[in-house]
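*Asks:* For reference, the structure I am asking about is given below.
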Amino acid sequence: MKELIERVKRLYPEPKIELDFKNPFELLVALILSARCTDTRTNTITKELFKKYPTPEALSRASIEEIDKLISSCSMHNTKSKHLKQLSEILHQKYNGEVPNSVDELVKLPGVGRKTANILVSMAYNIPAVGVDTHVARVAQRLGITKSKKSDEIEKDIMDKIPKDEWIRFYTGLILHGRRICKARKPKCDECPLNDICPKIGVK
Ligand code: SF4
């Protein structure tokens, strides 16, 4: 595990995700939009969306139809536009336009699950957390860090095995590794720098 942590650190030294954001509000909106939508498309959409509605207050004043029009190239845009409207109203009215930095508070917001909340607190506030998306789940299983397919259990397994001060760098590293090398259908094990220490569980 120590060797794995070191190698992931060397491969992906900067904890980063591929969504563009300038503040916690922008990251929250981008994360909601990115569900079943590529990061590239999400970044194109948010560029226009934030130009028009840069704050929770501004977005809360937009109609669902106006939001929907701007995000229509995104999958599930009907549901997402409703969530964004409700979410911005709550942020404006209850949180004075700020995004809470607590996972427990965040998961009460419309359209926000545990994965989104963990990514938000870690990337926007630098609070140690583990966001489990499809890449983290798959790569953690193949590397033998978890046997579970449930994201809350995978989150716990990673938190138990990785030191807290490495959580953010590690899970963001697994996201990038899953996207670039340990792909869902055809993992590129031949060119993977983790090959000699990876048990390749479930890889045929
Ligand atoms: S060796 Fe293969 S299965 Fe293991 S992390 Fe690399 S690409 Fe994924």
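*Asks:* If I go through segment 184-204 residue by residue, how many of them are of a type in the set (Lys, Arg) and within 8 Å of the ligand (Cβ to nearest atom)?
*Replies:* The total comes to 2.
*Asks:* So, one more: I'd like to know if segment 180-200 contains one or more residues that are part of a helix (DSSP H, G or I), closer than 25 Å to Asn23 by Cα and in contact (Cβ under 8 Å) with a residue 40 or more places away in the chain.
*Replies:* Within segment 180-200 (the criterion being part of a helix (DSSP H, G or I), closer than 25 Å to Asn23 by Cα and in contact (Cβ under 8 Å) with a residue 40 or more places away in the chain), the answer is no, since none of the residues qualifies.
*Asks:* Just to be sure I understand, how many residues within segment 85-99 are in contact with a helix residue (DSSP H, G or I) (Cβ under 6 Å, 6 or more places away or on another chain), of a type outside the set (A, V, I, L, M) and at negative phi?
*Replies:* The number of residues fulfilling the criteria is 4.
*Asks:* Let me ask something else about it. Given the criteria of a type in the set (Phe, Trp, Tyr) and within 17 Å of the chain's Cα centre (by Cα), does Tyr95 qualify?
*Replies:* It is false that Tyr95 is of a type in the set (Phe, Trp, Tyr) and within 17 Å of the chain's Cα centre (by Cα).
*Asks:* For Ile201, which of the numbered conditions (1) surrounded by fewer than 22 Cβ atoms within 10 Å (Cβ to Cβ); (2) β-branched (Val, Ile, Thr); (3) out of contact with any Gly (no Cβ under 7 Å at 6 or more places or on another chain) fails to hold?
*Replies:* Exception for Ile201: condition (3).
*Asks:* If you go through segment 44-52 one residue at a time, do you hit one that is surrounded by 17 or more Cβ atoms within 10 Å (Cβ to Cβ) and closer than 22 Å to Ala140 by Cβ?
*Replies:* no
*Asks:* Mind checking whether some residue in segment 171-179 is assigned by TED's automatic domain parsing to the domain that holds Glu6 and not in a helix (DSSP H, G or I)?
*Replies:* no
*Asks:* Taking the criterion of being away from the ligand (no atom under 11 Å from the Cβ) and hydrophobic (A, V, I, L, M, F, W, C), would at least one residue in segment 138-158 satisfy it?
*Replies:* Yes, segment 138-158 contains at least one residue that is away from the ligand (no atom under 11 Å from the Cβ) and hydrophobic (A, V, I, L, M, F, W, C).
*Asks:* What is the one condition in (1) within 14 Å of Phe25 (Cα to Cα); (2) free of Cβ contacts under 8 Å to residues at least 24 places away in the same chain; (3) in a helix (DSSP H, G or I) that Pro100 does not satisfy?
*Replies:* Looking at each condition in turn, Pro100 falls short on (3).
*Asks:* Tell me, which helices (runs of 4 or more DSSP H) wholly within segment 1-97 include 2 or more residues that are closer than 27 Å to Tyr171 by Cβ and not hydroxyl-bearing (Ser, Thr, Tyr)?
*Replies:* Here the list reads 2-11, 24-33, 39-52, 77-94.
*Asks:* Against the condition surrounded by 18 or more Cβ atoms within 10 Å (Cβ to Cβ), under 28 Å from Gln141 (Cβ atoms) and not polar (S, T, N, Q), how does Lys85 come out, does it pass?
*Replies:* No.
*Asks:* Also, I was wondering about something else. Condition (residue is in contact with a helix residue (DSSP H, G or I) (Cβ under 9 Å, 6 or more places away or on another chain), within 16 Å of the ligand (Cβ to nearest atom), outside the structural domain of Leu84 (by TED's automatic domain parsing) and not in a loop (DSSP other than H, G, I, E, B)) applied to segment 115-133: is it met by at least one residue?
*Replies:* No, there is no match, as no residue in segment 115-133 is in contact with a helix residue (DSSP H, G or I) (Cβ under 9 Å, 6 or more places away or on another chain), within 16 Å of the ligand (Cβ to nearest atom), outside the structural domain of Leu84 (by TED's automatic domain parsing) and not in a loop (DSSP other than H, G, I, E, B).
The values are calculated or read from the model by the stated rules, or taken from the named source; none is laboratory data. All values derive from a computational prediction rather than experimental measurement. Reconstructed Cβ throughout: ideal geometry from the backbone, glycine too, with neighbour counts over all protein chains shown.
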